[in-house]
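In what follows, a single structure is set out as structure tokens and then discussed.
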Amino acid sequence: MSFLPVEWAAEHSPVSDPYERLILISLARRANSDGTDAYPSRNTLARSGLCDKSTVTRRLNAMEARGLIREGDQRAAFRIAADFRPKVYDLMIPFSFYSPDQMEKVNQERIDRGLAPLCAKDRPDLGPAPAKKTRADKGTKRPKRAARNPPLSIASEEGGASSTPLLERPCLTEFAPGASSTQVLEAPTPGASSTPTLSFNSVPSTSPDVLANETAPEPSAETKKKIHDRNSTNDQAAPQDESASAAPADELSQEVRQIMTAWSEARMAAGVGPHRRSGALGEFQVSAAALVRSGKSVEWLISVARWMAAEKPAWVGLGEASKAQYAGAPAEPMARSVPRQPVDPCPSHPSLEANGCRHCAADEIVDRQRRELDAQRGIDDESARQALAALIQRGKKPRTVADRSRDAALHQAEEARRQSARRADFLAG
């Protein structure tokens, strides 16, 4: 891949629409520096051009007709199976697009690939992009749309159609006291159309006769109970004082009470106030009590509760403390284990007890195996120890110049003896 074809396709190519631009850039990304041997599949070009395969086919044919691309050497895609092999295209990048240095490098690459160098007649300049087609109705005003739901009309008493709409917008300030919102279908007057008129009991009718006939029924006891239950449910869902949902004070331990107090005070200090969620304080109390029973540090839980109030006011339970440490909360203090001192330390291994020292037991096993092996080979421990001591002592004794001269003379004499023996064997053979 070379950046020169991509630059030409993105900045200088005479394309007619954005689809051609994106498809040409996708071809250039997979072409050589001279624009040859680009063979992406139609699916790849459709993904790059944000269109379907039929649009890709039309744009490729249009660009090929204008000379932006042409069919290339189809042998470039011989590695792909014949059933799935895409078409190879060459991008006709003009000769004038390249600078002299760039063209020299491009021609050198072509020579390395066994192709002839490019010249001006091989890549002539391209024509301008085709003009965009204008709409036939450009400059004309759009016709107004008809109303989707035209107002229905009711029949007058004489039998003719009236322009009065069937449904009128109710006036919210004219509700009759105690009126219900039940919809009522009123029968038409004699001689009128058979279409019933729809009215609302909650809005006074414009007809005096209808207004006189309508009465506001008294709601039943069951209806009053339902309204009362609904209002009580809404009151519970509204923000309330967290102390109302808290458990009795005698059921809380001193540690849990301290954590809850610190959380509430921190929320007040941060300006967020009580939690809006119903039962938030009770949930916080349960989580704090569970953590205290599990052995967590009370000071650490208080610091996490204050951090939650200031940084994460939407959190409710302290059960989030495990993941809060990754969000910047104070880390849980780690209890340091005190090493247990051995009662009767081993003389060879002071960190372990003398009774049952595993290192001493392992050394004893190794010594026993070594003694058994020496006994099989007939080696005496005392004689081996003496020979080893003599060898160490001889190695510690410093060598003098006379010792080095004597060793060199002995080495030369031994070498001369070996050469004489080899010569004698050669003459005898």
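To keep it simple, each residue is scored yes or no on (1) at pLDDT 75 or above; (2) open to solvent by 100 Å² or more (accessible area, probe 1.4 Å).
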residue: 379; (1), (2): no, no
residue: 383; (1), (2): no, no
residue: 389; (1), (2): yes, no
residue: 394; (1), (2): no, yes
residue: 399; (1), (2): no, yes
residue: 405; (1), (2): yes, no
residue: 409; (1), (2): yes, no
residue: 417; (1), (2): yes, yes
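In the stretch 11-24, which residue that is open to solvent by 40 Å² or more (accessible area, probe 1.4 Å) and in a helix (DSSP H, G or I) is nearest to residue 97 (Cα to Cα)?
The qualifying residue nearest to residue 97 (Cα to Cα) is 12.
With the condition kept exactly as written, say whether any residue in the stretch 33-41 is assigned to a loop (DSSP other than H, G, I, E, B) and either without any contact (Cβ under 8 Å) to a residue 12 or more places away in the chain or more than 14 Å from residue 90 (Cα to Cα) (or both).
Scanning the stretch 33-41 turns up at least one residue that is assigned to a loop (DSSP other than H, G, I, E, B) and either without any contact (Cβ under 8 Å) to a residue 12 or more places away in the chain or more than 14 Å from residue 90 (Cα to Cα) (or both).
Scan the stretch 253-278 residue by residue and report those that are within 15 Å of residue 316 (Cβ to Cβ), open to solvent by 70 Å² or more (accessible area, probe 1.4 Å) and touching a residue at least 40 places away in the same chain (Cβ under 8 Å).
Listed by number, the list holds a single entry, 278.
Is it the case that the stretch 108-123 has a residue that's outside any loop (DSSP other than H, G, I, E, B) and among the polar types (S, T, N, Q)? Don't jump to the end; show me each part of the working.
Filtering the stretch 108-123 for residues outside any loop (DSSP other than H, G, I, E, B) gives 108-112.
In the following step, the residues that additionally are among the polar types (S, T, N, Q) were identified as 108.
Checked the stretch 108-123: at least one residue is outside any loop (DSSP other than H, G, I, E, B) and among the polar types (S, T, N, Q).
Within the group 135, 47, 85, which residue is farther than 23 Å from residue 14 by Cβ, assigned to a loop (DSSP other than H, G, I, E, B), open to solvent by 50 Å² or more (accessible area, probe 1.4 Å) and among the basic types (Lys, Arg)?
Among 135, 47, 85, only 85 is farther than 23 Å from residue 14 by Cβ, assigned to a loop (DSSP other than H, G, I, E, B), open to solvent by 50 Å² or more (accessible area, probe 1.4 Å) and among the basic types (Lys, Arg).
Tally up the residues in the stretch 50-70 that are open to solvent by less than 30 Å² (accessible area, probe 1.4 Å), among the hydrophobic types (A, V, I, L, M, F, W, C) and either free of Cβ contacts under 8 Å to residues at least 24 places away in the same chain or not in a loop (DSSP other than H, G, I, E, B) (or both), please.
4
The values are calculated or read from the model by the stated rules, or taken from the named source; none is laboratory data. What you see is a predicted model; the values in this text were computed from it and never measured. Heads up, the Cβs are rebuilt from the backbone with ideal geometry, glycines too, and the neighbour counts pull from every protein chain shown. All accessible areas refer to the heavy atoms of the entire protein, side chains included, with ligands and DNA or RNA removed. Shrake-Rupley method; radii C 1.70, N 1.55, O 1.52, S 1.80 Å.
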